[in-house]
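Here's the structure we're looking at; comments come further down.
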Amino acid sequence: MEIWDDEGDELTTSKTHEEREWTRISETFHNDGYREGITTGKESALQQGFDDGFNDIGVPIGKEIGILRGIVTGLLHFVNSPSSGIDGQILPTIKILYRRIH
């Protein structure tokens, strides 16, 4: 009867080892999946935030600044031309504005 008892112990020990291995593998996959999910979620939220800010703020402001730069550059060239007939007192103000936006 001891022979059968020994085999029973081996099966119990083997099963316990298999259960421990299964638990370890399951936890590893669970933890890896959790980390990947968190990383993907952060990347997605970060990209969405960038896209929203770029579309709602960056592009409109950039367009307006580009228009302003064009107007000031045109004014500077116009005021500097001899045929403008503009009093030279405005030239320093336009030059300051030009330097600030370029």
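With the requirement that a residue be open to solvent by 70 Å² or more (accessible area, probe 1.4 Å), at pLDDT below 85 and out of contact with any helix residue (DSSP H, G or I) (no Cβ under 8 Å at 6 or more places or on another chain), what does segment 74-101 give you?
Selection gives Pro82, Ser83, Gly85, Asp87, Gln89.
For the condition without any contact (Cβ under 8 Å) to a residue 24 or more places away in the chain, open to solvent by less than 90 Å² (accessible area, probe 1.4 Å) and among the charged types (D, E, K, R), what is the one hit in Glu64, Glu21, Glu36?
Glu21
The values are calculated or read from the model by the stated rules, or taken from the named source; none is laboratory data. Here the structure is a predicted model, which means the values were calculated and not measured. Neighbour counts run over all protein chains shown; Cβ positions are idealised from the backbone, glycine included. All accessible areas refer to the heavy atoms of the entire protein, side chains included, with ligands and DNA or RNA removed. Shrake-Rupley method; radii C 1.70, N 1.55, O 1.52, S 1.80 Å.
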